[in-house]
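None of the figures in this text is laboratory data; all of them are computed from the coordinates on show. What you see is a predicted model, and the numbers here were worked out from it, not measured in a lab. Neighbour counts run over all protein chains shown; Cβ positions are idealised from the backbone, glycine included.
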């Protein structure tokens, strides 16, 4: 960091960024315990590497560290256990204390979406989460994942296709149309002119 900039305290860094790091960690790992561990590992890495941080977007740097630590762990485990957060467990998490994982649990996806996301291979999951949940551009994701732009696009496309297939039960079926407002009385009575 540059000498002319005021370097925030460690507490300020954690307070300002912990919720976002936890949210990404939860989406990547699929469960609270692993998300907490990953969040802690991220801030340990940040603490150790803060002196080597070169100016740029701090949030981008945090995304890269979080995603890389997740992928490193996924590669080590070979078999990743994803545990989607059930309604019962989510209810136990709620708190007025303002703790990031508690606030986030209140904003989570429905169980079937959580489970579908959890079933994606780690590389596809990371790309989809960074794009569709975190709102990053393909270029930012390519930098974070240290992958070619075409690879990122492919992972996002294939990951979305896997999600569509897993969530096919949510799609409108033949004969069932989206609601478009009240049905005119003439149609209800079978009188069509």
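Below are the figures for this structure:
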quantity	calculated
Length released on extending from residue 119 to residue 59, taking residue separation times 0.36 nm less the Cα-Cα span	18.9 nm
Reciprocal of mean inverse Cα separation for region 34-76 (Kirkwood radius, Å)	10.8
Separation in nanometres of the label points that stand 7 Å from Cα toward Cβ, at residue 49 and residue 170	3.2
Extended-chain gain in nm, criterion 0.36 nm per residue less alpha-carbon gap, residue 37 and residue 9	7.9 nm
